[in-house]
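*Asks:* Structure below; questions to follow.
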Amino acid sequence: MGKPNKRVVQQRDDGDWEVRKPGASRASAVTLTQAAGIGRARTILGNDGGGELQVRSRKGTIRAQDTIAPGSDPRSSKG
């Protein structure tokens, strides 16, 4: 079983918000607001087959977590 697909939304030193895959050397996306970062992370995860979204507060603590379903599922029915 492979490593779960995950993205973390956290604030950068310059005040912007980044979407980063754990262990990656650079951010997948950089946004001006946390809300925009969360939206972008949801899109990235949905297009990449789903996964876990983790949102960190300005202090770095985990504020919220969510599981994102696949966005490019060719079936319209569940299962």
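*Asks:* So with the 1.4 Å probe, I'd like the accessible area per residue for the stretch 1-51, rounded to whole Å².
*Replies:* Details: 3120 Å² over 51 residues.
With the other protein chains kept in place, the stretch 1-51 gives 61 Å² per residue.
*Asks:* Another question about this same structure. Using only alpha carbon pairs under 8 Å that are at least six residues apart, calculate the relative contact order of the stretch 1-51 and give it in whole percent.
*Replies:* On the way: 73 pairs, mean separation 17.1, N = 51.
Averaging sequence separation for qualifying contacts and normalising by length gives 33 percent for the stretch 1-51.
*Asks:* To continue, here is another question. Answer rounded, prolate or oblate for the stretch 1-51, using the Cα gyration tensor with square roots of eigenvalues a ≥ b ≥ c: rounded when a/c is under 1.5, else prolate when a/b is larger than b/c, else oblate.
*Replies:* Values: a/c = 2.91, a/b = 1.57, b/c = 1.86.
It is oblate, given that a/c is not under 1.5 and a/b is not larger than b/c.
The values are calculated or read from the model by the stated rules, or taken from the named source; none is laboratory data. Keep in mind that this is a model prediction, so the values were computed, not measured. What goes into the accessible areas is simple: the full protein's heavy atoms, side chains included, and nothing from ligands, DNA or RNA. Shrake-Rupley method; radii C 1.70, N 1.55, O 1.52, S 1.80 Å.
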